[in-house]
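The values are calculated or read from the model by the stated rules, or taken from the named source; none is laboratory data. Everything numeric in this text was worked out from a predicted model, so none of it was measured. We place every Cβ from the backbone using ideal geometry, glycine too, and count neighbours over all the protein chains shown. Just the protein is used for accessible areas: all its heavy atoms, side chains included, with ligands, DNA and RNA removed. Shrake-Rupley method; radii C 1.70, N 1.55, O 1.52, S 1.80 Å.
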Amino acid sequence: MFAAVFVALWVGHTIGDHWVQSSTQSAAKGKPGWAGRLADARHVIGLTLTKAVFLALTALVLDLHLTGTGLAAGLTLDAASHWWADRRSTLAWLAKTLHRSEFYNLGSATHPAHPTAVDGRPAAHLGTGAYALDQSFHVLFLFFAALIIATL
């Protein structure tokens, strides 16, 4: 059951984090204050609903017997951890605390070896260290959420 739940959560995460999240939510969720907190909350609500749909489909097709307690606990942990990391300053702090700031800045203009365009200006791309650390943090909590959902 754990493997099926994890895969459903992972697919739901990938779709919810990249296809369901609006550009407005993505741009605003890291801003300071209530505007950023609310944008992040709207993103996490859509993301969690997407994961719930994939979990429901998986449970239906594979005849998994998931409990309300397990679903509530697992999805709450996942949503809270996702909201925390997506505030951006929090994940940057964690990277700094764990001595991963250089990797966090990889691919951005703040990294000493940042990619440049032909004209020498910083060339932004999706392959940043911040993005890789963000996604790996989320997958870690998908793992914990799947354990909770599969065992409660």
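Assorted remarks:
- Residue in segment 68-83 that is farther than 17 Å from Phe144 by Cα and in contact with a helix residue (DSSP H, G or I) (Cβ under 9 Å, 6 or more places away or on another chain) present: no
- For Leu133: the one exception among (1) under 21 Å from Gly16 (Cα atoms); (2) at pLDDT 95 or above; (3) open to solvent by less than 60 Å² (accessible area, probe 1.4 Å): (2)
- Scan of segment 140-151 for residues that are open to solvent by less than 50 Å² (accessible area, probe 1.4 Å) and either more than 14 Å from Thr76 (Cα to Cα) or not in a helix (DSSP H, G or I) (or both), ordered by number: Ala150
- Listed by first and then second residue, the pairs linking a residue in segment 80-99 that is on the phi > 0 side of the Ramachandran plot and modelled with pLDDT under 95 to a residue that is of a type in the set (D, E, K, R) and crowded, with 18+ Cβ neighbours inside 10 Å, with Cβ atoms under 8 Å apart and 6 or more places separating them unless they lie on different chains, are Arg88/Lys29.
- Any hit, segment 24-38, residues being within 17 Å of the chain's Cα centre (by Cα) and touching a residue at least 60 places away in the same chain (Cβ under 8 Å): no
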